[in-house]
Amino acid sequence: MQMTDEQFFQFCQENRDLRIERNQFGEISIMSPAGSETGNRNFNLAGQLYVWSEKDNTGICFDSSTGFTLSTGAKRSPDAAWIKLERWNQLTPKQQKKFAPICPDFVIELRSDSDNLQPLKEKMQEYMQEPEIQLGLLIDRKNRRVYIYRPEEKEECLENPDTVNCDPILPGFVLNMSKIW
């Protein structure tokens, strides 16, 4: 079923308990709410990003319930995201209210126990096609790996890191993995 952007937004509003995304081909993915353990881990990483962002004061962060419209037309909701203030402020108030037509500068995806890794990697590759994206992290708790994505670079994999340094894109932001593992 094809939906306009407005219809898709309304569909998402009417189904607030679900995480709904749409890829660049218009295919809809419906994800159930996260389990309690994953929700706690996601809250922890979003909290770490928020604390850093408040100190840094050069951008704003978003939680997993936020949808963004990518240049391909895909509607994506990363588990946590950050956008530079000057980019965010270029949007109109109307654009900021719905699924903003902007790709975050930084995204984090956290793999739940029920998630298959390959679709998440494909989602990260979709983000990396966007000209604005600067850094992406895919956290695979099941295998204790962090996949790092940077524009025009090969995916990097860290095995069981204690921390993940997000310099220079997010100066001084070091994600502490102890509460996420």
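The values are calculated or read from the model by the stated rules, or taken from the named source; none is laboratory data. Source: prediction; values computed, not measured. Note that we place each Cβ from the backbone using ideal geometry, even for glycine, and neighbour counts take in every protein chain shown. Only protein heavy atoms, including side chains, enter the accessible area calculation; ligands, DNA and RNA are left aside. Shrake-Rupley method; radii C 1.70, N 1.55, O 1.52, S 1.80 Å.
With all protein chains kept in place, the per residue accessible area of the range 34-181 amounts to 50 square angstrom at a probe of 1.4 angstrom.
Kirkwood Rh and Cα-based Rg: tell me the resulting Rg over Rh for the range 101-181, rounded to two decimals. Don't jump to the answer; show the numbers that get you there.
On the way: Rg = 12.3 Å, Rh = 13.0 Å.
With Rh from the inverse mean 1/r over Cα pairs, Rg/Rh is 0.94.
Amide H contacts of Gln134 (H built 1.01 Å from N, in plane; Pro and chain starts excluded): Phe106 sit under 5 Å, all sequence-distant by 5 or more or on other chains. Based on C-alpha pairs under 8 angstrom that are at least 6 apart in sequence, the chain has a relative contact order of 16 percent. The DSSP beta bridges internal to the range 42-181 are antiparallel in roughly 75% of cases.
Computed 3J(HN,Hα) for the range 142-152, one whole-Hz value per residue from the Karplus formula 6.51 cos²θ - 1.76 cosθ + 1.60 where θ = phi - 60°, is 4, 10, 6, 10, 10, 9, 10, 10, 10, x, 6, glycine and proline marked x. Residue-wise HN-Hα couplings along the range 85-96, as the Karplus relation 6.51 cos²θ - 1.76 cosθ + 1.60 with θ = phi - 60° gives them from phi, are 4, 5, 6, 4, 5, 6, 7, 6, x, 5, 5, 5 Hz; Gly and Pro carry x.
Go through the range 1-75 and name the trypsin sites (Lys or Arg not before Pro) that are in a DSSP coil and have 11 or fewer other Cβ atoms within 10 Å of their Cβ. Let's see the in-between values first.
Values: sites: Arg16, Arg19, Arg22, Arg41, Lys55, Lys75; in loops: Arg16.
Passing both the DSSP loop test and the Cβ count: Arg16.
Computed from backbone phi, the HN-Hα couplings of the range 28-33 come to 9, 10, 10, 10, 5, x Hz, rounded to whole numbers (Karplus: 6.51 cos²θ - 1.76 cosθ + 1.60, θ = phi - 60°; Gly and Pro given as x).
May I ask you to give the percent of accessible area on the chain that is carbon plus sulfur, with a probe radius of 1.4 Å?
Working: 4650 of 9800 Å².
On the chain, the fraction of accessible area on carbon and sulfur atoms equals 47 percent.
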